[in-house]
Structure formats: structure tokens, C-alpha cells
Amino acid sequence: MEEVNRLAGRTVISLETHGIHYHGEGPLMLRGEIDRLDVDGRFTSLEAALANSQAFTFEQAPLCATISPTASSDAEHALADAAIWSAIGLMGLLRNHLAGTDLTRLPPESWARLRALAGAWPKVMNRTVEGGHFFFVGETGARATARALADLNSQLTAVTDELRAFRDLKPLPAAEDPHG
């Protein structure tokens, strides 16, 4: 919140108000955290958390786009969100949105376009808003976030239409497999 207030040039939400009204506490194991609970009490288990969260199950993954902060005070999100969420989105693209499509039989120009789409995903499907983790708080951050959301929604709609076209393509006959 200090970053939000600094960027706004005024107090949008005081640290005291934030401390009183904003709580992020949740029950153990709600989102696959490594802190676990069983009949013998608390323990930690990365393996159980990964299994519980189904972190590597992409068959139902949506296409993902990100809005990343820029501030060094939130370095993890500023530096890694675009890559992390792009990886999740691309795995969902393969295992969900293109499931059942024989990609080896796409015409060469379609395969090249799909590769280009995947390669550009971290840039094309990411926007940044100045600030830290709460970049969307305050007039300036909220306005920039709304613009980014509208733009990303347009991008995702266009990609969804393009994926539909890939699925609807007539595959090349097996003898003409361009990928060898």
C-alpha cells in the first residue's frame, strides 16, 4: 500500500485502514500450500500440496493472460508472472484447447503460425501496470488495470478464434506430412 500511496501522491488507503480491513488468512490446504493438516496435526509436504492443487493438470486449464506489476518491491511477480502464467496458458492451449488435433498434420504455414503464437505468448498476453502487488488500487492503477483487461480480453478472443480455425483445418493426408 505504501507503493500505491507513493504513486498516487496522496494516501489512497492508510496502512492502518489496510491492516484493519484487509485479511488474507485462509484455512490450511485451501490452495495447495505446503502447510498441511491431518489427524496427527500440522506438517509440511510439497508432494501433497502439488497433488492437492493439481498444479500440473492442464486438461482444464484456461487460456491465461497476465497483468504484472513493475515495482522492485514486488520483484517476484514483476519478473516472473508473465513467464509462469504463459507456461500455464500454453500447456492449457495444448492439452485443452487443441486436444485431439493432430498437429503433425497441420499445413506448414499453420504450424509456423502456431509456433509463432506460442513463442510470442509471454509478450502478447502480458501487460504491465506501474506499482507493486496492489497496482490496481487507486484511480490511476484502476484505470490502467481496466485498460489492460480490455486489451487482454480482445487478445484472448482473437486467439480463441485462431485456435478454432486450427482445429477446423483439414489435415494433410498422411503421405504429405510436412514435419517428417
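Please treat every number below as a calculation from the coordinates, not as lab data. Quick caveat: nothing in here was measured; it's all calculated off a predicted structure. Heads up, the Cβs are rebuilt from the backbone with ideal geometry, glycines too, and the neighbour counts pull from every protein chain shown.
Looking only at LEU50, LEU90, LEU63, which one moves most when the chain is put into a Gaussian network model with springs between Cα atoms under 10 Å?
So, out of LEU50, LEU90, LEU63, the one fluctuating most is LEU50.
With each pseudo-label sitting 7 Å past Cα toward Cβ, what's the THR57-ASP38 distance in nm, one decimal?
Between THR57 and ASP38, the simple spin-label model gives 1.9 nm.
For ARG95 and ALA116 in one chain, what is 0.36 nm times their gap in residues minus the Cα-Cα distance, to one decimal in nm?
Using 0.36 nm per residue and subtracting the Cα-Cα distance, I get 5.8 nm.
Sequence-distant or interchain residues sharing an amide H contact under 5 Å with THR128, placed H: which?
Distant-sequence amide H within range of THR128: SER68.
Can you compute the modelled spin-label distance between GLU47 and GLU139, with each label point 7 Å from Cα toward Cβ, in nm?
It is 5.6 nm.
So, in nm, how far is label ASP151 from label LEU169 when the simple model puts each one 7 Å beyond its Cα toward the Cβ?
2.9 nm
Would you mind giving the average projected area, over all directions, of the Cα convex hull of region 69-180 in nm² with one decimal?
Numbers: hull surface 31.1 nm².
Hull-based average projected area comes out at 7.8 nm².
Comparing ASP74, ASP161, ASP151, which has the greatest mean-square fluctuation in the GNM of the chain with Cα pairs linked when under 10 Å apart?
For the chain, modelled as a Gaussian network with Cα springs under 10 Å, the answer is ASP161.
Can you grab the distance from the C-alpha centre of region 107-167 to the C-alpha centre of region 33-63, Å, no decimals?
One Cα centre to the other: 28 Å.
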